Each structure stands twice: as structure tokens, then as C-alpha cells.
Amino acid sequence: MSQKENKWELSHIYESHAKWENDIDEVKKLTQQVVEMNGSITTSAQDLLKALKTNDKLYLTLAKAYSYARLQFDTDMGNDAAKARFEKTDALASSVSDRLAFFEPQLLQINQETFEQYKKDISELETYAHSMEKLFQKKKHVLTPEMEEVLAKMASLGNSFKKVFDDITVNDLVFPEIEDEEGNTIVANEANYRKCLNSYNRDFREKYFKALLSTYGSHQNSISSTYYGSVKYDVFMARSRKYKSSRDMALSGNFIPLEVYDNLIKTVRENIRVLQDYIALRKRVLGLDNIHFYDLFVPLVEDANISYTFEDAKALVLEALSILGEDYVQTLKRAFDDHWIDIYPQKGKRSGAYAMGIYDSHPYCLLNFSGTLDDVFTLAHELGHVMHSYYSNSNQPFTNAQYTIFTAEVASTVNETILYHHLLQQNKSKREKTHLVSMHLDSLRSTLFRQTFFADFEMQVHDMVENEQPITPQTLKSKYEDLYNVYHGEDFVVDEELNYEWLRIPHFYRAFYVYQYATGVSAAISIAGKILSGKQLSGNNSAIDGYKEFLKSGGSDYSINLLKKAGVDMSSPQPILDAINDFDKARRELEKII
């Protein structure tokens, strides 16, 4: 494979930088056109349609220009010209947002009845029915213009709590140096987290863990006060906007019923024994008298050290995902053959991996492929995002194409789950199989159980603040310890340092976000199980047909309804139970192998 074939082809978006510049100018013109509609966007059906279509064209063009600049910059971050293009587009996006702040409040000046009449006048407005319906549902939480202005200014204050947290944890904390297994000096910081906790030297793992967590503990008062302020801000905003609670406000953003959150925590708690059985298995396999947090990451078997070429990974992914049908596979082949993917690490390239959908082009995928089994799964994962965007953009108008965060990780995890079961069926050595099943278990432990644990903690903290109970570092540490005892069971030792762990979790400053990792993986495993078993859904739809309907639907309906197309009801315990059963089946498989 030549150097050029390893990289994505951005000329599919713009043939030249000059074409990109033309779209930058177009965005400015469209912005001005929308601004000139200020005060008249809802006065008639014709005015509303014109405003909505112009606004769509504006944001479609801006997203295309932004994506081009971002993709170019991410593969060559030292390139001054690429950086300038990205910063120019980023600044333009901020300017557009500021200038069009009037748009949504003006849309809210009409009601559902008026919009229904407008649809009768102009049928083309039906395209916007779902987005307008969501807007009308938020209307009861919109306040007077004067109060909205006050709350907008308060938002800056609300964002400051995360900034204070970042300043303390990134800039102010001084992490200690410790000695590693080879006698070299290493800093006990976040950058070395995975490396150190994966070490087979238990004394070193313990030393790193206690040094890291104790450093956070040394600032427990300031971080506790910062988090308390963040929660109080959320509670204040929820009450100001007349939501039932801060949790209700957060979930309402994606129109997720509270029972989905409650169902997740209740179902996991009622079946938590499967996690505790896995922890007990870890304890036995590692030959430990007791098991601590720093024992949960070390691999149960050393990596089989199998290296995969990208062609190997490609073949495995295509073979595994062939179950989803010829149309799915042909699109995947296009992604490989038509340069949708930037494959290998290089100087100046962003680390990690991601996928980016572009509405009137095709999705792109960034990798840093190095040949590990993890990299093979990452390829499958990111191609799940690619396919979700491809199907959605190909079947929905722009206004309905963007899917929500709640469903965003479903397609990626469906791909990973299908790949896992495909690899498991192959004739592999005991070590390879052990490594594969262990990876699956650890992935589920960290997404399904750990994120539910976090969701449980933040729900309890917000409830306390809403009930005007005082929050102190000791209160939070005690609550955290109680949860570890509930979730991890009697085989697990809760070290004093572990009670400081909540101090290091940045996601708590984006309230009620983490539960979506657990619901997403549960939905994906449930869907993948139906696909692999050849299950028929209601209406004689196959599980594959239902899944593709979900992919094609984008954001055209509420997330809960879209997942039902794939046979998953997230307000019921079943998808959570499917994921828990998958975890327990893998644990029993591992027990047999070992």
C-alpha cells in the first residue's frame, strides 16, 4: 500500500482550498440573509419555510467547511496554513452562533396549532415537523426574554466550575515521582494510568495507585467545593426552568424519560452478582488473598503478541460484518478503497481515533493503526460510526440526519460485538482466546458497570443538593465507599485512597452524561445478539432489517423510538439484562478456558 493510499482523500469535500474559501464566503452571506429575517421568520408559512431552509443551507455549508479544515489540521497539526484554516472556521462558527442567537427564540413565538396550519398551507414544512415538535416541548421551559438574558450570562458562571476543576487537576496538582519495576523514575499521573495499572508487578501497581489518588486527596476540599458549586448550579438552572430536577433537565435535552435512567441503575444493582463473580474469578486467577482496585486492569494472560497488518484487520472486519448484508459490506469496501480512512500514525497527526460524518460528501475515519488486537477492534468501532452517518445522511434530509449522543455509540459497539463473536468462533490458541475474552470482559466492566456506578453516584449527590442536605468531602467519600461495597462485593477491598477517586472524574461536570455509555453498550449488545441469532422482529422484519432501519433513521424521531425499530426498548430491563448475560456468559467462558 503506497503512502497516498494510507491517507484520506479530502478532495472529495473540496477540490481546492479556493473552493473552501468560496464556502466560507457563502456562510457569511447566508448568515446575513438569516439576520435580515430577524422579526419575520414566523409571520407566514412562506416566511417560516424560507427561514428554515436558509438556516439549513447555512449550517450544512458551515459544517462542510469546518470538517474540511478540521480533518486537514488533525493529520498535520504542525502545518501553519492548516492551523490557520481551522482557526478561521472555528471563529466563524462562533460568530454565526452569536449572530443567530435570536433564531430559536423567534421560532418559539408560534405554537403547535399555528405550525400545523402552516403545514397545511405548505406541505414541504412536514420535513421540519419533528424538529419543531421537539422545540415546542421545550417551550414551557423557556422564560421571559429578560430572564433568558440573565440565564445566558449565568451559563458562563456555570462553565467556570469545570474550568476550576481543570486548573486544579491539570495545572496545580503536582504528581509525585515513583520508581517503576526497572528502577526508573516515573510520574504517578494520569498520562501513565493505563500503563501502570496494566503492570504485572503488584507492588508497583499499588504504589502508583496510592500516589495518584492521594495527590487528588490532598486537594479534596477545593475539588469538593468546586463540584458542589457545579451541582448547585445545575439545580438552580433546573428550578429556574421549571424542570422536576437537574436530572430531568439533563435527560430532557435528548428527550430521554427518567425511567430509562432509573431502569439502568435498578437492573444493574439487582444483577450485580455477575460483576462480583468476575472479581472473584480475577482474584483466583491472579492468586491473590484479597483484591483491590489496582488489580482490576492487569491482563489475566499476557498478550499473545500477535501483530496484524492493516490488510489483516480489514479482512477480519469485512468477514465478521458480512452478516449485515451485501449493501453494508459494499459500503465498507468503498470506505477502504476510496480513501475515507487515514490509517497510520505520523508526525504531527492527532492521537486516538474518530469518525466524522459530512452530509453532502461521505464520512471520514481517523486511525492510528499499529497492529494490535485493540487496533482491529478500533477499526470495527469507528467504521460503525461511519456506517451510521452514511446510512443516516443517505436517507434523511439535513435537518433530521444528526443522531443524538444517546444513540451515537450503538452502531460502533454493534460492530465490535459482532467482531468479538466472530473471532471467538475461530480456532485460536488458549492464550489468544483468554486474551480475547478478557478484553471483552474488561471493556464491559468499564462501560456497563463502571459507568452505571458513576451514574448512581451523581444521581445521589444531585438528590442530596436538591433536598438541601450539606455536601462535604467526608459525605462524598462515604457515599462513594458505600457504592463500591454495593457494586464490588465482599471480595473487594476498598482502600482509603479509592474514596478519593471521584475527585478525578471530569465527566461529573457534565451532569448525567455517563449513563449513556452504559445504555449505549446495552442496546448494542442486545441488537448484536438478535442479529447473530437470526431473530425475527415484529412485523416479520429480521433483526438485520430492523437494525438498518435504525441506522437510516438518523435523528428523525426520538432516540427511544428509533431503537425500538431495532427491537430494543431502553425503558425496559431487557437490553440491560442482555448485556449483563453477555458479560456473565463471557465470564463462564473464561472460567472454562483457564
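The values are calculated or read from the model by the stated rules, or taken from the named source; none is laboratory data. Just so we're clear, the structure is a prediction, and the values are computed from it rather than from any experiment. Cβ sites come from the backbone with ideal geometry, for glycine too, and all protein chains shown count toward neighbours.
Can you tell which of L503, L498, L483, L551 is touching a Pro at 6+ places or on another chain (Cβ under 9 Å) and touching a residue at least 12 places away in the same chain (Cβ under 8 Å)?
Working: L498 fails: touching a Pro at 6+ places or on another chain (Cβ under 9 Å); L483 fails: touching a Pro at 6+ places or on another chain (Cβ under 9 Å); L551 fails: touching a Pro at 6+ places or on another chain (Cβ under 9 Å).
Criteria check complete, one pass: L503.
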Within the range 131-153, is there a residue that is in contact (Cβ under 8 Å) with a residue 24 or more places away in the chain, among the aliphatic types (A, V, I, L, M), touching a Lys or Arg at 6+ places or on another chain (Cβ under 7 Å) and assigned to a helix (DSSP H, G or I)? no
Just for the range 541-583: of the residues that are farther than 21 Å from Y515 by Cβ and touching an Asp or Glu at 6+ places or on another chain (Cβ under 9 Å), which one is surrounded by the most Cβ atoms within 10 Å (Cβ to Cβ)? K548
Is at least one residue of the range 343-354 out of contact with any Leu (no Cβ under 9 Å at 6 or more places or on another chain), β-branched (V, I, T) and either over 30 Å from P575 (Cα atoms) or outside any helix (DSSP H, G or I) (or both)? no
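Residues are listed down the side, and each one gets a yes or a no for (1) out of contact with any Phe, Trp or Tyr (no Cβ under 7 Å at 6 or more places or on another chain); (2) hydrophobic (A, V, I, L, M, F, W, C); (3) surrounded by 20 or more Cβ atoms within 10 Å (Cβ to Cβ); (4) within 16 Å of I525 (Cβ to Cβ):
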{"site": "F369", "(1), (2), (3), (4)": "no, yes, yes, no"}
{"site": "H385", "(1), (2), (3), (4)": "yes, no, yes, no"}
{"site": "S389", "(1), (2), (3), (4)": "yes, no, yes, no"}
{"site": "S392", "(1), (2), (3), (4)": "no, no, yes, no"}
{"site": "N400", "(1), (2), (3), (4)": "yes, no, no, no"}
{"site": "T407", "(1), (2), (3), (4)": "yes, no, yes, yes"}
{"site": "A411", "(1), (2), (3), (4)": "yes, yes, yes, yes"}
{"site": "Q426", "(1), (2), (3), (4)": "yes, no, no, no"}
{"site": "F453", "(1), (2), (3), (4)": "no, yes, yes, no"}
For the range 507-514, state whether one or more residues are out of contact with any Lys or Arg (no Cβ under 6 Å at 6 or more places or on another chain) and closer than 14 Å to V268 by Cβ. yes
Matching residues in the range 388-445 - criterion: being among the aliphatic types (A, V, I, L, M) and within 24 Å of Y328 (Cβ to Cβ): A401, I405, A408, V410, A411, V414, I418, L419, L423, L424, L436
Looking at T267, is it crowded, with 19+ Cβ neighbours inside 10 Å, among the polar types (S, T, N, Q) and farther than 29 Å from S522 by Cα? no
Counting only residues that are acidic (D, E) and assigned to a loop (DSSP other than H, G, I, E, B), which one in the range 280-326 is farthest from L532 (Cα to Cα)? D289
When the range 102-146 is checked residue by residue, the ones that are aliphatic (A, V, I, L, M) and either modelled with pLDDT of 95 or more or loosely packed, with under 13 Cβ neighbours inside 10 Å (or both) are I122, L125, A129, M132
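Looking at I544, I593, I580 in this structure, which one is at pLDDT below 95 and among the aliphatic types (A, V, I, L, M)?
I593
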L275: part of a helix (DSSP H, G or I), surrounded by 17 or more Cβ atoms within 10 Å (Cβ to Cβ) and of a type in the set (A, V, I, L, M), yes or no? yes
Name the single residue, out of those in the range 61-93 being surrounded by fewer than 19 Cβ atoms within 10 Å (Cβ to Cβ) and hydrophobic (A, V, I, L, M, F, W, C), that is farthest from the chain's Cα centre (by Cα). A81
Enumerate the helices (runs of 4 or more DSSP H) found wholly within the range 59-121, keeping only those where 3 or more residues are closer than 20 Å to S40 by Cβ. 103-107, 112-121
If you scan the range 13-52, which residues turn out to be closer than 26 Å to F86 by Cα, free of Cβ contacts under 8 Å to residues at least 40 places away in the same chain and in a helix (DSSP H, G or I)? A18, K19, E21, N22, D25, E26, K29, L30, Q32, Q33
Looking only at the range 358-398, count every residue that is in a loop (DSSP other than H, G, I, E, B) and farther than 23 Å from F550 by Cβ and tell me the total. 6
Among the numbered criteria (1) closer than 30 Å to E589 by Cα; (2) touching a Leu at 6+ places or on another chain (Cβ under 8 Å); (3) of a type outside the set (A, V, I, L, M, F, W, C), which single criterion is violated by G325? (2)
Residues located in the range 35-79, provided they are more than 30 Å from S351 (Cβ to Cβ) and among the small types (G, A, S): G39, S40, S44, A45, A51
If you scan the range 456-492, which residues turn out to be exposed (fewer than 15 other Cβ atoms within 10 Å of the Cβ) and among the hydrophobic types (A, V, I, L, M, F, W, C)? V486
Looking at the range 161-207 only, could you name the residues that are exposed (fewer than 15 other Cβ atoms within 10 Å of the Cβ) and among the hydroxyl-bearing types (S, T, Y)? T185, Y200
